[in-house]
Each structure stands twice: as C-alpha cells, then as structure tokens.
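Rule-based calculations on the coordinates, nothing more; no lab input. Please read all numbers here as calculations on a predicted model, not as lab measurements.
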Amino acid sequence: MKKVIKYITEDKTEVTADLYLGDCKDELLHLPDNSVDLIVTSPPYADQRKNTYGGIHADNYVEWFLPITQQLLRVLKPNGTFILNIKEKVVEGERSTYVIELILEMKKQGWLWTEEFIWHKKNCYPGKWSNRFRDAWERLLQFNKSRTFNMYQEAVMVPVGTWAKTRLKNLSDTDKVRDTSKVGSGFGKNISNWVGRNKAYPTNVLHLATECGNKKHSAAFPEELPEWFIKLFTKENDTVLDPFMGSGTTLLIANRLRRNAIGIDVVPDYYEMVKKQFTPLELYICEPKVKYEKHKPKRRYAVR
Ligand SMILES: C[S@@+](CC[C@H](N)C(=O)[O-])C[C@H]1O[C@@H](n2cnc3c(N)ncnc32)[C@H](O)[C@@H]1O
C-alpha cells in the first residue's frame, strides 16, 4: 500500500513523502534500483518490544535482517549512505554477538562498513546491576557501497570551543607546521590552521538525549539524530528512506530540510499516525506566504 503526499515549498520545489504499510522486506521491492541517497533507520532490536511490534530472537536476527539489507543495497545510490542504529542486548550475563555477525554478513553482501558513530544518551536513567553499569550508548553503524560517498561536513560544524582561546594563544614551533603522528599512522595535525576560526568539525560521538516527549511511539528517535545525518549526507531534494519508520521522525525531519522522504512500517496504527501527521504540514506549506503577512491571526490578540 502506498500513499504519496506532495508539498510545494515556497521556492516551488516539490518535496514528497511516500508511505508504505507492510513488511519492509516486501515493500522495498516497489523502490527502483539506485534511487535513495540516505537510509537512516532503527529496526526492532532482538527480543525487544515483543508486545508492540514483535521481537526477533537474537539467534535468528541476522537471518531475518539480511534479505532487508540486500534490498537496501539495491535501492541505495552508489554514492549514498546507510546509517543503522542498533545495540546488542545482554543475554544470560553476556553481550549478544548478533550485531558483529550482521556486520560480517553485510560485508559479504557487498557493503563497506565505513564508520561507527556512538550515540551517547545524555539522559539515560540511573540503575543498579550487580555486574555492569547502566547502558548509556548505542551504535550508529555507517555502511556504504563505495569508498567515495557524498558527505557535506561543513553542514554539521560545531563551535570551536573554549580550548581555542588558551591553546591557540601561544603557538609552539611544532604547532605552526604539520606534525606527523609519532605512531606511524600517517595522520598529522597543524594546530595553527585553527587560528581565527570559530567552527570546527565534530567528533563521531553524538551527545543526544533520548526522546521522552513522543508518547505515540515507544522507541522514537530524538529529532536531532536523523537531522544530523541528513545534513551530513544529503542536500536539498535528495531522497531519505526509513524502512522502519515508527512515528516517522526521519521522514518529518527530511521534509523539513526539503529532502524527499520514504517510510515503511508494518504496524497499521503507526502508518496511519504518520499519514495524519503529514497532512497539516501539506496545507501549511502550500498556502501562499503573502496570506500570513496580510492577515494577522485574530486568536493571538485574544490570548494577549
Ligand atoms: C525502533 S522502531 C523505529 C522508531 C522510529 N525511528 C521513530 O523515530 O519513531 C521500529 C519500527 O519498526 C517497525 N517494524 C518492525 N518490523 C518491521 C518490518 N518487518 N517491516 C517494517 N517495519 C517494521 C515497528 O512497527 C516499529 O515501529
């Protein structure tokens, strides 16, 4: 089943949201080869949330997921990126290995495992376990089809930070030239390059609070998570896919950033919920801007 909603933005670009209801293994077959710029998704973790949308046993996880990653490999453009949010659970006092096994099998499928970002969950709640501490991070695995892929690093730059004030004030002779790593890694740094700059590139650790305000889905992304990857790996009018869309966070942010969005979910309630969420946005964006400038909303005066 498919629903296409089209928005016409003020600069006359069309931004679409295509919603599919069904198992993504089957629904992905509707998408053409090499048609998606970025996939950002969080599939159900093994054996979790069984009551909401079914859980897959850790032993069967890789077997369940591989036909889906095969389809994702087909639909992703050669210079596109796949970001997979996943975390292995603890079973009988041991970490499961299904994520590691999945990475190895995906490499056999033809994926390159190019990077791993860490999502540090800033607000994880306190707890006490006899043999471990509370889990405050999740994996964001990056896969690509090619070693050269689209990446817009300037779009996610961060303030350079207070270290610059002291560190860059008195530069040593070494700071002024390229200082090659002593461990033979081939990496090097020239500290003086950062003098006068107020932005720096971020690290591969994302410090984001988990989503607490979204009561409609038990495992929704914080909006900043898909937003960061969408900015980093796509440009306007590109296409972003979430094959496990849940409450549709990835799609919402993609459209907000003027990227086309495609979402799939197997639970009819989530599909209907996302469909509803998108309709008011359509009306808002399609209305000509001039209306808002000429008529001030009466209700706001009443409130004051
Ligand atoms: C972890 S949640 C995703 C939450 C989402 N990132 C958000 O921000 O709301 C996983 C979603 O995958 C859906 N799902 C589970 N199995 C699926 C399948 N085989 N095909 C499509 N969707 C599936 C579930 O219904 C659930 O909404």
Relative to the present Cα-Cα distance, how much length would full extension add between Glu101 and Lys275 at 0.36 nm per residue of separation?
59.1 nm
When Rg is the radius of gyration of the Cα atoms in the stretch 158-200 and Rh is its Kirkwood radius, what does Rg/Rh come to?
1.01
